[in-house]
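The values are calculated or read from the model by the stated rules, or taken from the named source; none is laboratory data. Predicted, not measured: the structure shown is a model, and the values here were computed from it. Here Cβ is always computed from backbone atoms with ideal geometry, including for glycine, and neighbour counts include all displayed protein chains. Note: accessible area is taken over every heavy atom of the protein model, side chains too, but ligands, DNA and RNA are not part of it. Shrake-Rupley method; radii C 1.70, N 1.55, O 1.52, S 1.80 Å.
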Amino acid sequence: MAAIAAGIGFYFYAPKPVDKAANENMSLFLQNKISDVDLKLKNGDSDTDLATRLSWHKSNTALYNEAKSNSDKQVAEQREVLRKKMVQVQERDFPELRTEYVESKKEALNEQHVVIGLAGSHQEVLTFEGTMFKPKQVQEDFMKNIYGIVNDLRFKKVVYKWSEAPDGVHNYEIRSKADGEI
C-alpha cells in the first residue's frame, strides 16, 4: 500500500519533462494570434456580426489563458506581447460591440413599447425604459434572459425605468470584466 501511495505521489509531484514540440506549437499559435490581432487593430472588422466578433475575443482569451500555464521563455514573451495587443483591441472593440448590440435590439423592443439605450463614457450602462418594467418580477425575468450577453459584452449596469417618479427606476450592477481585462 505504501508503494502505491509513493508511486502516486511521485507521478503527481515529480517534475514533468519539457515537451519541446508542445512549446513550439504554442509559440506558433501565439504568433499567429498576434498577427491576427495586429490585422484587426489596423483594419477593424465592422463588417463582421456581433456574435462572430464576441467569439473572436473569447477564443483569444482561451489561448492566452492556456499559454499562461506554459513556463517556456519564448512562449512567455509572446504571451506578454499578445496580452498588450488584446487589451488594445478589447478597449476599442467592447464599446463598439455594446453599441452594436443596442442598435440590433431597438426595432424589436420598440414594438414592445420599450426604449433601449446606452450611457456611460464607454457605453457600459444599458438602459431600458417602458411601463412593462414596473413589476420587479418583470425586471428579474428580463435580467435572467439577457444576463449572459450583458456579461459577455462587459456592461457594468442595467437600468430599468418605468416612470419619471424617483422610485420609477431600478439599477442592476453587473460584475463583468473591465474592457481591458483578459
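If I ask for residues that are among the polar types (S, T, N, Q) and either closer than 28 Å to Leu30 by Cβ or assigned to a helix (DSSP H, G or I) (or both), which ones from the range 82-125 would you list?
Within the range 82-125, Gln88, Gln90, Thr99, Ser104, Asn110 qualify.
Pick out the one residue from Glu96, Glu103 that is under 17 Å from Arg53 (Cα atoms) and free of Cβ contacts under 8 Å to residues at least 12 places away in the same chain.
When all the criteria are applied, what remains is Glu103.
Which residues, counting only those in the range 64-81, are part of a helix (DSSP H, G or I), surrounded by 18 or more Cβ atoms within 10 Å (Cβ to Cβ) and not polar (S, T, N, Q)?
Ala67, Val75, Arg79 - these are the residues of the range 64-81 that are part of a helix (DSSP H, G or I), surrounded by 18 or more Cβ atoms within 10 Å (Cβ to Cβ) and not polar (S, T, N, Q).
Which members of the range 17-51 meet the condition of being polar (S, T, N, Q) and open to solvent by 70 Å² or more (accessible area, probe 1.4 Å)?
Selection gives Asn25, Gln31, Asn32, Asn43, Ser46.
Does Val87 fit the bill of being open to solvent by 20 Å² or more (accessible area, probe 1.4 Å), hydrophobic (A, V, I, L, M, F, W, C) and closer than 30 Å to Lys161 by Cβ?
Details: open to solvent by 20 Å² or more (accessible area, probe 1.4 Å): yes; hydrophobic (A, V, I, L, M, F, W, C): yes; closer than 30 Å to Lys161 by Cβ: no.
In short, no.
If you check Ser35 against the conditions, is it among the polar types (S, T, N, Q), free of Cβ contacts under 8 Å to residues at least 60 places away in the same chain and more than 17 Å from Phe94 (Cα to Cα)?
So Ser35 passes the test.
Here's the yes/no breakdown for (1) closer than 11 Å to Phe128 by Cβ; (2) out of contact with any Lys or Arg (no Cβ under 9 Å at 6 or more places or on another chain):
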position: Glu140; (1), (2): no, yes
position: Phe155; (1), (2): no, no
position: Val158; (1), (2): yes, yes
position: Gly168; (1), (2): no, no
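Is it fair to say Ala165 is more than 16 Å from Leu50 (Cα to Cα), modelled with pLDDT under 95 and open to solvent by less than 50 Å² (accessible area, probe 1.4 Å)? Even if it seems obvious, please write down each step before you answer.
On the way: more than 16 Å from Leu50 (Cα to Cα): yes; modelled with pLDDT under 95: yes; open to solvent by less than 50 Å² (accessible area, probe 1.4 Å): yes.
Yes; evaluated as a whole, the condition is true for this residue.
So, in the range 134-155, of the ones that are polar (S, T, N, Q) and loosely packed, with under 14 Cβ neighbours inside 10 Å, which residue ends up farthest from His122 (Cα to Cα)?
Looking at the filtered set, the residue picked out is Gln137.
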